[in-house]
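In what follows, a single structure is set out as structure tokens and then discussed.
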Amino acid sequence: MIQTGLFDEEINEESVYEPLASRMRPKDLSEFAGQKHLIGEGKLLRNLIENDHISSMIFWGPPGVGKTTLARIIAEKTKARFVNFSAVTSGIKEIRKVMDDAEYARRTGQKTILFVDEIHRFNKAQQDAFLPYVEKGSIILIGATTENPSFEVNSALLSRCRVFLMRPLSQEDLEQLLERAMHDERGYGNEPVEMPEGMLSMIADFAKGDGRTALNTLETVIMNTEIENGVYKVTMDSLKDCITRKSMMYDKGGEEHNQVISAYHESIRNSDVDAALFWLARMLDAGEDPIWLARRLTHAAAEDVGLADPNALNVCINCFEAVRLIGMPESAIHLAEATIYVCLAPKSNSVYLAYEAARKDAAEHDTDPIPLAVRAAYTRLQTELGYGKDYQYPHDAPQKITNMQCMPDALVGKRYYYPTEEGKEISCKRRYEWILDWHRKHDHEPPKPSKFPMPMKK
């Protein structure tokens, strides 16, 4: 087995200090925690690994459940050339370099297994670059992702991969993992550590299915404990302090993740460019999905800017497309540009408020009959029942507006939209006020028959 890095350099895993989670990484399947449905005795994935019959596959599951660890175990077991590749730091140029090397290896009779961590971070063009090499067998692709591959991996590439769903570790799995760390010489087997009974169970519960979090928490607790007579005296206070520190970290999908995105959105809403850029950078550095951030920006553009500057939404949609097509790390600049634009745009939440008010009435009046004038007649019977009766074609009217009733009877005269005078919305306000004034003057008049009555739908 030959293991290589991005440019076929031999990987050197020696370092001055290795975190506990790295030191305790399983050497083989016997040490692997959880995923018995995949790697239990006689299970499909275990057989593929032990017999070195690996085909292209994708490991899908939350953080800390062993996706990268399984790839490393495969690297140890396989006779193929194994290349570790990161979607976070690599672009088309790096992909082509690896593919060229893999094609050369294939011609010399050697297989290449390419492990792509966080494959969902590759955009469509980057994923497409893998496809021909997977098809002709230059590489066996193993991807790892925390996102649903049905949405994040190209269908053509996905159809050539077997997807293995990896589940969060159970409480029992985590406790066994922590116990091994306490007794294994790679962990604290050679260290004198004393801790209250039940603490490992508490750490396992805190980790919520994430093995890496469990080991990192254990390490932090021990490393921040007082040493008395050469013994680590772990206390409950040490654990509480560690948990408090952990809550200060950015944890995707957790409480802090929600708080950071809240700080980002509120900074945009408050037109605080510098704060918004800080929170954006913090999220990207922590590994947030740039596509998800681009979606949030389009939401902010509609909710907080709206018609005060309709171009804000265009900027954000363009940003979304740029992120989708180009990917990281370049897309950080697109996100920063859109963030600054939305921050500096005049603010109006009139669209948001109008929709919320209309939504409330829609829920309360969901069975109110639709006025006959705006009903479309799809059948002759509907025409005989009066569907489309008194319909008025606005283009017939001199000012392109009629007094035709479009609201249910119970909501006639109800108003939802209250435009502001911010930015370009002032022109919307003037037009809307003119329309309201026209209705005040003409709604008492009988409807005028249209030259073009609503036709029967076929």
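The values are calculated or read from the model by the stated rules, or taken from the named source; none is laboratory data. Values in this document were obtained by computation on a predicted structure and should not be read as measured data. Note: ideal-geometry Cβ built from the backbone for every residue, glycine included; neighbour counts use all protein chains shown. Just the protein is used for accessible areas: all its heavy atoms, side chains included, with ligands, DNA and RNA removed. Shrake-Rupley method; radii C 1.70, N 1.55, O 1.52, S 1.80 Å.
Observations, loosely collected:
- In the chain, the portion of solvent-accessible area held by carbon and sulfur atoms comes to 53 percent [1.4 Å probe, whole percent, DNA, RNA and ligands not counted].
- Cα gyration tensor category, rounded, prolate or oblate, for segment 302-393 with a/c compared to 1.5: prolate
- Among the trypsin sites (Lys or Arg not before Pro) in segment 35-118, those placed in a DSSP loop whose Cβ has at most 15 other Cβ atoms within 10 Å are Lys43, Lys79.
- Packing around the peptides 325-333, 392-400, taken as the average count of other Cβ atoms within 10 Å per residue, puts them in this order, highest first: 325-333, 392-400.
- With Cα atoms, 0 to 90° folded angle of helix 171-183 axis to the chain main axis: 30
- Note on segment 105-264: with charges restricted to the Cβ of Lys and Arg (+1) and Asp and Glu (-1), its dipole about the Cα centre is near 1340 debye.
- Taking Cα atoms only, the orientation of helix 124-135 departs from the longest principal axis of the chain by about 50 degrees.
- Using a simple spin-label model with pseudo-atoms 7 Å out from Cα toward Cβ, Met407 and Arg430 lie 2.6 nm apart.
- Look at the alpha carbon pairs under 8 Å that are at least 6 residues apart: their mean separation over the length of the chain gives a relative contact order of 12 percent.
- At a probe radius of 1.4 angstrom, the accessible area of segment 253-402 per residue rounds to 53 square angstrom.
- Exposure of Leu165 as accessible area (Å², to 10), given a probe of 1.4 Å and all protein chains: 90
- Partner aspartates and glutamates for Lys27 [C-alpha distance under 13 Å; skip if fewer than 8 residues away on the same chain]: Glu76, Asp184
- The residues of segment 19-90 expose on average 40 square angstrom of accessible surface per residue, using a 1.4 Å probe on protein heavy atoms.
- Helix 67-77 axis, angle to the chain major axis (alpha carbon atoms, nearest 10°): 40
- Once backbone amide H atoms are built at 1.01 Å from N, Val231 has no partners under 5 Å, excluding neighbours fewer than 5 places away on the same chain.
- For segment 335-411, a simple Cβ point-charge model (Lys and Arg +1, Asp and Glu -1, everything else neutral) yields a dipole of about 180 debye relative to the Cα centre.
- Sparse-neighbourhood loop sites, trypsin sites (Lys or Arg not before Pro) in segment 295-395 - DSSP loop, at most 15 other Cβ within 10 angstrom: Lys389
- Only protein heavy atoms count here; on that basis, with a 1.4 Å probe, Ile113 has an accessible area of about 0 Å².
- Under DSSP loop assignment and at most 14 Cβ neighbours within 10 Å, longest chymotrypsin sites (Phe, Trp or Tyr not before Pro)-free interval of the chain: 18-377
- Per-residue [θ]222 nm for the chain (sum of -39500 (n - 2.57) over DSSP H runs n ≥ 4, rounded to 500): -14000 deg cm²/dmol
- Solvent-accessible surface (1.4 angstrom probe) belonging to Cys428, in square angstrom, nearest 10: 40
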